[in-house]
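Just so it is clear, none of the values below were taken in a lab; they were calculated from the coordinates. The structure presented is a predicted model; accordingly, all values stated were derived computationally and were not measured. Quick reminder, even Gly has a Cβ in these numbers, built from the backbone with ideal geometry, and neighbours come from all protein chains shown.
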Amino acid sequence: MAGEVSVTNIMTSEVVTVQRKTPVTEVARLMVDHAISGIPVVEHGRVVGIVTERDIVAQEMEVDAPAYGTFLDAIFKLPWDKSDEEFRLVLATSAGELMSDDVETIRPSATVREAAGLMFKRRLNPLPVVNDDGILVGIVSRSDIVRLLTEM
């Protein structure tokens, strides 16, 4: 059964990575050249962020103007306003500026079922695999899970 297979059995061990200073254009080129959906940003072997296809595509979006409201004589930003985040993505020139720094990871000993659940519930793709010391040892993507299912 696919769910009982370890992440180690399906992960890619030779992970394409970038540093914070890597230009966004280089990150995009690496994604295309290696046919991958995301690239971890690493420092000293540890994942500090990830740049995904979604982040790259966001660079081309049209940003909405900030949403402000007034009450009495005060001006405040409306709670649902996402313009700061949108501007950050559109104006980013390096992986460090574009990356998401709240990165979910998984251990090599986790099952494919656990990885699939995490990826589905949190809308993640790809998912970095780190050892007990927090060092990047692999990466698993949705296509790795689909490939496993076709091989069974």
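What's the ranking of 125-131, 29-35 by average number of surrounding C-beta atoms within 10 Å, highest first?
125-131, 29-35
When the gyration tensor of segment 2-54 is built from Cα positions, what are the square roots of 5 times its three eigenvalues, in whole Å, from largest to smallest?
Whole-Å semi-axes of the equivalent ellipsoid: 23, 14, 9.
Once you have the Cα-Cα distance between Ser100 and Ala35, take 0.36 nm times their residue separation minus that, and quote the gain in nm to one decimal. Mind dumping the intermediate values first?
Working: separation 65, 0.36 × 65 = 23.40 nm, distance 2.00 nm.
The span from Ser100 to Ala35 would gain 21.4 nm if fully extended.
Quote to one decimal, in nm, the extra length available between Leu118 and Thr12 on full extension: 0.36 nm per residue of separation minus the C-alpha distance between them. Please report the intermediate quantities before stating the final value.
Working: separation 106, 0.36 × 106 = 38.16 nm, distance 1.77 nm.
Once the chain is fully extended between Leu118 and Thr12, it gains 36.4 nm.
Read phi for every residue in segment 16-27 and hand back ³J(HN,Hα) as whole Hz from Karplus 6.51 cos²θ - 1.76 cosθ + 1.60, θ = phi - 60°, with x for Gly and Pro.
6, 10, 9, 9, 4, 7, 4, x, 4, 4, 5, 4
When the Karplus curve 6.51 cos²θ - 1.76 cosθ + 1.60 is applied with θ = phi - 60°, which whole-Hz ³J(HN,Hα) does each residue of segment 40-52 get, with x for Gly and Pro?
x, 9, 10, 9, 6, x, 9, 6, 10, x, 8, 10, 10
If amide hydrogens are placed 1.01 Å from N in the peptide plane, which non-local residues have theirs closer than 5 Å to the one on Ser94?
Val24
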